[in-house]
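A short write-up of the structure that comes next.
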Amino acid sequence: MKSRLLTVVAFVSAVVIGAPAAQADPVTIQFQWNEFSSVVEPPNSVPNEVWIETDVAKTLVTPAPVQGVPFSLAINSHNNSVDFYTATPNPNTHNGASFVANALADVDVGQVFLFGTFSVKNGTWFGPADLSFTMTTISSNGALDGHTYTDTLRLTTNPFVFGDPAAGADTFTLVAMHGFVEVYELFDSPLTPHVDGVSNAGSFELWGRIGSLIPTEIRNVQGAAFLAGPVPEPSEVWLMLTGLAGMALLASRRRRLPVR
């Protein structure tokens, strides 16, 4: 029996020792914006001009947008930044989004690492706006090369709330990831000075892992961007309400017990 046990231990040890070790190798992230899309949401009026500007081109949206009708613009080359704004009202504030990829990281499959940093700016706009993008890994290691993550960075405009800048802040959401940050508006931001690109601008890091290319968390939120509190899941709300109802029933029964 003892000799059989020693044989099994020796076999397992040989397998473990002989198995190839996980290989960490350099990985870079290639980033590309794919398409911009938006809609003039009633009751907002149609602006005179709508401009979409990247680091390689500046484009006037033609024909002019129509209220309630979605419009889009393909962005086909590798761009790191997109600026979208209107000619009216004047002076106007710009909206923007840019991404700086992590230059180089030694990573292995399943290891969490920094994809890069998004910077966003919250200006004047007339409805929701979507910026779709794709990230792709580049590596000499075949197990790490060619993994993609495609998502949409969505600006959602929220109503102005007097005296509560956080409640009136607009939202930038990574739709597929279900991650988001809030960004203060220019003139009621608690950040000073109230200058376009300062009090209405922020940044956040995107971290994830390879297995395909999977985003896992937002970190290091800076500037006029901030993380709002998490919304409870419906099951959590139900448990909380059930618990409160049970406590109320118990208290009611105690009050009805006769004094002895």
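Need the C-alpha centroid separation for the stretch 73-126 versus the stretch 193-214, integer Å.
Rounded to whole Å, the Cα centres lie 8 Å apart.
Quick one: grab the alpha carbon gyration tensor of the stretch 22-254, order the square roots of its eigenvalues as a ≥ b ≥ c, and give me rounded if a/c is under 1.5, else prolate or oblate depending on whether a/b is larger than b/c.
Numbers: a/c = 1.96, a/b = 1.07, b/c = 1.84.
Here the stretch 22-254 falls in the oblate category.
With a ≥ b ≥ c taken as the square roots of the eigenvalues of the C-alpha gyration tensor of the stretch 94-178, please select rounded if a/c is under 1.5 and otherwise prolate if a/b is larger than b/c or oblate if it is not?
Prolate is the answer for the stretch 94-178, as a/c is 1.5 or above and a/b outweighs b/c.
Between Asn220 and Leu60, what length in nm is gained on full extension when 0.36 nm per residue of separation is reduced by their alpha carbon distance?
Fully extending the segment from Asn220 to Leu60 adds 54.1 nm.
Below 8 Å between Cα atoms, with a sequence gap of 6+, how large is the relative contact order for the stretch 43-173 in percent? Provide the component values of the computation, followed by the final result.
Values: 213 pairs, mean separation 21.4, N = 131.
Dividing the mean separation by the residue count of the stretch 43-173 yields 16 percent.
Computed from the coordinates by the stated procedures, all read-outs in this text should not be read as laboratory data. A quick note: this is a predicted structure, and the numbers were derived from the prediction, not measured.
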